[in-house]
1. For Lys367, go through the aspartates and glutamates and keep the ones whose alpha-carbon is under 17 Å away, minus same-chain ones fewer than eight residues off.
2. Compute the signed sum of charges (Lys and Arg +1, Asp and Glu -1) over the other residues within less than 13 Å, Cβ to Cβ, of Glu117.
3. Students often check this: by mean Cβ neighbours within 10 Å, which of 36-46, 233-243, 310-320, 60-70 ranks highest, and how do the rest follow?
4. Which entries in Lys137/Lys383; Lys137/Lys353; Lys189/Lys298; Lys137/Lys167; Lys189/Lys353 show an alpha-carbon gap greater than 31 Å?
5. What share of the DSSP beta bridges in the chain is antiparallel, in percent to the nearest 5?
6. Explain nothing, just the number: relative contact order of the stretch 104-356, from Cα pairs under 8 Å at least 6 residues apart, as a whole percent.
7. Please tell me the relative contact order of the chain in percent, rounded to the nearest whole number, where contacts are Cα pairs under 8 Å and at least six residues apart.
8. Nearest 500 deg cm²/dmol is fine: what mean residue ellipticity at 222 nm does the chain get from its DSSP H runs of n ≥ 4 alone, each adding -39,500 (n - 2.57), divided by its residue count?
Amino acid sequence: MPGDLPPDQFRSAMHRAADLIADYLERVGDYPVLPPVSPGDVGRALPPAPPEEPEPVDRLLDDYRRLIEPNVTHWNHPGFLAYFAISGSGPGILGEALAAGLNVNAMLWRTSPAAVELEERVCDWLRQMVALPPDFKGHINDTASSSSLVALAAARHRMPGLEVRTKGLSGLPALTVYASDQAHSSIDKACIVLGIGQENVRRVASDAEFRMSVPALEEAIARDREAGRLPMAVVATAGTTSTTSVDPVEAIADLCAREGIWLHVDAAYAGSAAICPEYRALMPGIERADSIVVNPHKWLFTPVDCSILWVKDPALLRAAFSLIPDYLRTDEPGVSNLMDLGFQLGRRFRALKLWMVIRAFGVEGLKERIREHCAIARELAAKIEADPGFELAAPVPFSTVCFRALGDDRFNERLLAKVNAAGPFFLSPTTLNGRLTPRIAIGNIRTAREHAEALWDLIVRSAAELRTTG
C-alpha cells in the first residue's frame, strides 16, 4: 500500500531531515527574523487541492525547504527579541523527535508507564531546581494559558457549597478573580472559559514599578464581598509580560490567607530564572501559593510546548476534573492517571524533551545561560541610560529591557518599524503609563553579547536617521 515509508526509506528520509534541521540551526541567523512575504504569498504557492496520487518523500522535503523554512518567523534566530523566546536547543529537539516516534498518549499510566512516571519525576526535578517545597506536585500542560485555566478551575471547585461541577454557575452569586493591570490576558480568557465572565476579572492597579498594589487589591476584595460577590482567586505574577516585574507575593499571600482565597502565581517567564538563587530571591512568597506555573519552553530551551503546573493539593484537580467512563477504567493501584489532572484526555509525551534538556545542560549549565542573558540585558540597559536620546522605561530585574527614544509615540512606533524592517532583529512593543514602549526580551539560546551590541548600534543609527529625515 502506498503512503507510509518502509524502514529503509524512512531511515533515509530521517537522515535528510536531521541534516535539514542541523543546517537550519547553523544558518538561522542568516535569515531575516521576519520573512519577506505578504499575507497570502505562501497560500498562493500551495496547491489548492490535495494530491490524488502519492508523492515521493524527497519532494515533500524539497518543498519544505523551498516553501516552509524560509517563510516562517524565525523564533530560533538570535535576533528574535520579541515577546518571550521559545528557542529549541539540540537536546530538546532530539527529545521532541523521539517522542514523535513513540507516539504515545500519556492519558493513563497503562497507556504509557514511562511517559507518566518520567513526567512526575521531571516535574519534581524542576521543583527542586526552583526551591519549592516538596508538597508541590507537578504535571505538564501545553502552555501557561492551559495551566492557569486548570489552576483557576481547581480554585472554583474549592469554593464551599457551590457544586459548580454538577450544577453549573446558574443562580450563584458572581465569582471574582483578581490580577494586576500588568497580568497576562490568559487570565481573562480562563475566566471566560470557566464561566466567571470577563467583567468579573478585577484588574488591580500597579505601582510605579508595575507591581500589584496590595492596598488596591484589599479594597477590591472588600468591595466585592460587600456587594455579595464571592472572591475566588488572586493571580500574582512573577515576571509580567510587559516589564517582567514581580508582584509582592508575600503580602498577597498574607491577604489571601486571611480572606481564604486561592493564590495562583503566574511565573511562566521568570520562574525559570528561579533556578538561580539570586533570582529566586526576587520572588519571596511564591512557595505560599496554591498553584504555580512555569514554562520551560520560554527560558529553559525546551521546544514549545511545555508548561509545568504545580499545585499543593492535586486531589483538588482530580475532584474538579476526574471523569472516568467504563472504557478508561483500569485496576493498577496507586498510579497517576494524568487525564484526571485537567480537561485534556489526550496528553503528548512532553516530559521527554525537558528530561533531555536538563540532563544535557545540567543545572549549572542552565544557570549559566540564564545569568548570561540577564547580564546582557543589564549592559544594554546601562547603554540606554547613558544615552541622552533614550530612556529606560522600567526596571530590569531579569533579561527584558523596556525603553523609549525621546519623542512621542509616533516616533517610537516608526523607530520600532525601522529596526524590525532591517531584518536581523525583531522587537515587540508594549504600553507603559499610556505610552508606546519598545521592548527587548533576551532569552533565546543563540543570543549573545555581539547580537545585543549590533542591536544597540542599529537602534541608535535608526533613531538618528529618523530625526534627520523627519
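1. Glu278
2. -2
3. Per-residue mean Cβ counts within 10 Å order the peptides as 233-243, 310-320, 60-70, 36-46.
4. The answer is Lys137/Lys383.
5. Looking only at bridges with both residues in the chain, the antiparallel portion is about 55 percent.
6. 28
7. After rounding, I find 21 percent.
8. Mean residue ellipticity, 222 nm, calculated: -13500 deg cm²/dmol.
Computed from the coordinates by the stated procedures, all read-outs in this text should not be read as laboratory data. Quick caveat, the model's predicted, so the values are computed rather than measured. Backbone-built Cβ (ideal geometry, glycine too); neighbour counts: all protein chains shown.
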